[in-house]
Amino acid sequence: MKTFTLATSLVLLAAGAADALTVRGSVAGGNLPPDLRVAGVVVTPFGQVVQEVSSVPVEKGQFSLELPATAPTARAQVALTPQNVNWPGVIDPVQVSGQAQVAELKLFTYRDQNNNGRRDENEQLREVMADVRGANLFVVWVNTDVNVTASKGFQAGLKRGWNAFLVDVGRAVNVQPFADTTVVTVRLGR
């Protein structure tokens, strides 16, 4: 199957704790199928798909994906413990400042073959990796403010609601919140 690249400019806007997070982008490269959708999907700490939170069609090479201000379903949330923090750049020992429920979100694409505006079982999800100059996009929802720290300088101060960060892993781990001018590249391959 032909591999194609999605070069996507994403603008992430994360306002107050109860506000939604919006991901805007333009998709370029290759012949994009007319039924392509971008989805925000909550996954388990081990990467299994749990809940599609939001999805939008790619129209004329662009999309605007809004994650709702409401919490993911209870089945999509897990207790935030050092044992289930499998995030980019996290290396033991992991410390969590308090008790919290968490839901990790990843971006996926799929072809909405029956054009019903939602993903059906037969429509294959493909995870898309988003980065900025080698730093990975990381999006997580938490039910309360909490700090997560780990080896090599990993530090993430999470606020109640959706949080978006760039995680740059090298000799040290640098975690930076998104600015509204951040441009992210997304590539899809097979």
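The values are calculated or read from the model by the stated rules, or taken from the named source; none is laboratory data. Please read all numbers here as calculations on a predicted model, not as lab measurements. Don't worry about glycine lacking a Cβ; one is built from the backbone with ideal geometry, like all the others, and counts go over all protein chains shown. Heavy atoms of the whole protein, side chains included, go into the accessibility calculation; ligands, DNA and RNA do not. Shrake-Rupley method; radii C 1.70, N 1.55, O 1.52, S 1.80 Å.
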*Report, in debye and to the nearest 20, how large the dipole of region 21-187 comes out about its Cα centre when Lys and Arg carry +1 and Asp and Glu carry -1 on their Cβ.*
240 debye
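Can you bin region 135-177 into rounded, prolate or oblate? Criterion: square roots of the alpha carbon gyration tensor eigenvalues sorted a ≥ b ≥ c, rounded for a/c under 1.5, prolate for a/b above b/c, oblate for the rest. Can you show the working numbers first?
Working: a/c = 3.43, a/b = 1.64, b/c = 2.10.
Oblate is the answer for region 135-177, as a/c is 1.5 or above yet b/c matches or exceeds a/b.
Rg/Rh for region 21-187: what does it come to with C-alpha atoms and Rh from Kirkwood?
On the way: Rg = 16.1 Å, Rh = 16.6 Å.
Ratio of gyration radius to Kirkwood radius: 0.97.
Kindly provide the trypsin sites (Lys or Arg not before Pro) of region 134-173 that DSSP labels as loop, not H, G, I, E or B, and whose Cβ sees at most 13 other Cβ atoms within 10 Å. Can you show the working numbers first?
On the way: sites: K152, K159, R160, R171; in loops: K159, R160, R171.
Hits after loop and neighbour filter: R171.
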*Identify all aspartates and glutamates with a Cα-Cα distance to K106 below 12 Å; exclude those on the same chain that are fewer than 8 residues away in sequence.*
E52, E127
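Taking only protein heavy atoms and a 1.4 Å probe, what accessible area per residue, in Å², does region 21-187 have with all protein chains in place?
On the way: 8520 Å² over 167 residues.
For region 21-187, the solvent-accessible area averages 51 Å² per residue.
Using a 1.4 Å probe on the protein chains only, how many percent of the accessible area of region 14-115 belongs to carbon and sulfur? Could you put the intermediate results ahead of the total?
On the way: 2470 of 5050 Å².
C and S fraction of accessible area: 49 percent.
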_I'd like to compare 133-141, 43-51, 74-82: which one has the highest average count of other Cβ atoms within 10 Å, and what's the full order after that?_
133-141, 74-82, 43-51
